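Undergrad: Below is one structure. I have some questions about it.
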């Protein structure tokens, strides 16, 4: 199985889509359950839904770092040489090495629940349909989104960002400026989205999994079936 480049989206805790080569249970201290994990510059960085950041050089020995925030952190991503973590009350923090963190002004006080990097931009999602984009992780602007529902998670793949949320909401965008609502075929909350093996997969605690190859056309089904279709299109 191919290793995921740069970012390990820990939504596999909810979806059960754990890559065989890198099980998350082996990555974290027993006292911590990661919400999201990112890898960059030879360093693992994880956040746990509290105000904690932990790092590891090898995925085995972990060290808690002072993030300098009291807000709960829900997402972390790595791109263009920078880690960016996001959390409650619009919290955004950046770090070049995962050790020293700097608070940034996101321009929002909404709860940010996830972040991804792709097409040379960071995109963060949160409550109220909030989506923020940044080229450098420091200066942030609000994007237009076709939903005001809570957004819980985001992934990037195949040149497209996909965000999921309450009431089966799925929105997608290529450059992060305009997010179009897609027909998810789901009505319950979607809490997780991942891009693995050429396929997006989204699910929640009560929602039946839905999959998509392009982030726009979605259907109910198993990941294995969608992966086979993706391979046929390569």
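The values are calculated or read from the model by the stated rules, or taken from the named source; none is laboratory data. Since we're looking at a predicted model, the values are computed, not measured. Cβ placement follows ideal geometry from the backbone for every residue including glycine, while neighbour counts extend to all protein chains displayed.
Undergrad: Being under 26 Å from residue 188 (Cα atoms), without any contact (Cβ under 8 Å) to a residue 40 or more places away in the chain and not in a strand (DSSP E or B) is the filter here; which residues of region 130-166 pass it?
TA: 130, 143, 146, 147, 148, 149, 150, 166
Undergrad: Restricted to region 215-226, and to residues that are loosely packed, with under 15 Cβ neighbours inside 10 Å and either touching a strand residue (DSSP E or B) at 6+ places or on another chain (Cβ under 9 Å) or modelled with pLDDT of 90 or more (or both), which residue is nearest to residue 157 (Cα to Cα)? Before you say what the answer is, go through the steps one by one.
TA: First pass over region 215-226, keeping only residues loosely packed, with under 15 Cβ neighbours inside 10 Å: 216-217, 219-220, 222, 224-225.
Pick out the ones that are also either touching a strand residue (DSSP E or B) at 6+ places or on another chain (Cβ under 9 Å) or modelled with pLDDT of 90 or more (or both) and you get 216-217, 219-220, 222, 225.
Values: 216: 12, 217: 14, 219: 17, 220: 19, 222: 18, 225: 18 Å.
This residue is 216.
Undergrad: Can you tell me which residue among 149, 110 is touching a helix residue (DSSP H, G or I) at 6+ places or on another chain (Cβ under 6 Å), within 25 Å of residue 67 (Cβ to Cβ) and surrounded by fewer than 24 Cβ atoms within 10 Å (Cβ to Cβ)? Don't jump to the end; show me each part of the working.
TA: Numbers: 149 fails: within 25 Å of residue 67 (Cβ to Cβ).
Going through 149, 110 in turn, the sole match is 110.
Undergrad: Which residues, taken from region 172-198, are crowded, with 24+ Cβ neighbours inside 10 Å, touching a helix residue (DSSP H, G or I) at 6+ places or on another chain (Cβ under 8 Å) and part of a strand (DSSP E or B)?
TA: 192, 194, listed by residue number.
The rows are residues; the columns are (1) closer than 23 Å to residue 50 by Cβ; (2) at pLDDT 95 or above; (3) more than 17 Å from the chain's Cα centre (by Cα).
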site: 116; (1), (2), (3): yes, yes, no
site: 139; (1), (2), (3): no, yes, yes
site: 151; (1), (2), (3): yes, yes, no
site: 181; (1), (2), (3): no, yes, yes
site: 184; (1), (2), (3): no, no, yes
site: 194; (1), (2), (3): yes, no, no
site: 202; (1), (2), (3): no, no, no
site: 213; (1), (2), (3): no, no, yes
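Undergrad: Residue check: is residue 164 surrounded by fewer than 24 Cβ atoms within 10 Å (Cβ to Cβ) and more than 18 Å from residue 92 (Cα to Cα)?
TA: no
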